[in-house]
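The block underneath contains the structure these notes are about, expressed in C-alpha cells.
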C-alpha cells in the first residue's frame, strides 16, 4: 500500500469497487476490469502531470513514474491475491455474490 494512505484510503477504494460491481450487470468482468485499469492509468497520468512544470519534464520522468506505479500495483495485487487465497472458500463459496 502506498505510503500516502490515510484513514479514508479504504473508504475511497471500496467506493470504486462499488461502482465496478454495479457495472457487472450484463457486462463481462474483463471489460469492467479493463475500464477500471484505464481509468486508474488516466488518473495517475494526470496526477503525474500536475507534479511537473512542463511536458518535457513529464516526459523526462517517464521511467521513475512508471516504475513507481507498477511497483505499487504489484504490491497491492500480491496483497489482494494472498487475501483471496487465505479466504477463498469464504469469498467464492457457491451462492455468494460474485463481486469484488
Checklist entry - How far is it, in nm, from the label point at residue 66 to the one at residue 10 when both lie 7 Å from their Cα along the line to the Cβ? => result 3.4
Checklist outcome for this item: The FRET efficiency for residue 17 and residue 78, from their Cβ-Cβ distance with R0 = 25 Å and rounded to 0.05, is 0.90
Checklist outcome for this item: Given a Förster distance of 30 Å, the FRET efficiency implied by the Cβ-Cβ spacing of residue 27 and residue 49, rounded to the nearest 0.05, works out to 0.50
Checklist entry - What Kirkwood radius, in Å to one decimal, follows from the Cα pairs of the stretch 1-64? => result 14.0
Item to check | Angle between the chain longest axis and helix 62-86 axis [Cα atoms, degrees, rounded to 10] | outcome: 10
Checklist entry - Percent of alpha carbon pairs in the stretch 28-92 separated by more than 17 Å? => result 57
Checklist outcome for this item: A chain fully extended from residue 93 to residue 36 at 0.36 nm per residue, minus the present Cα-Cα distance, gains in nm 18.0 nm
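Bear in mind that the values in this text are calculations on the coordinates, not laboratory data. These figures come from a predicted structure and were not determined experimentally. Note: ideal-geometry Cβ built from the backbone for every residue, glycine included; neighbour counts use all protein chains shown.
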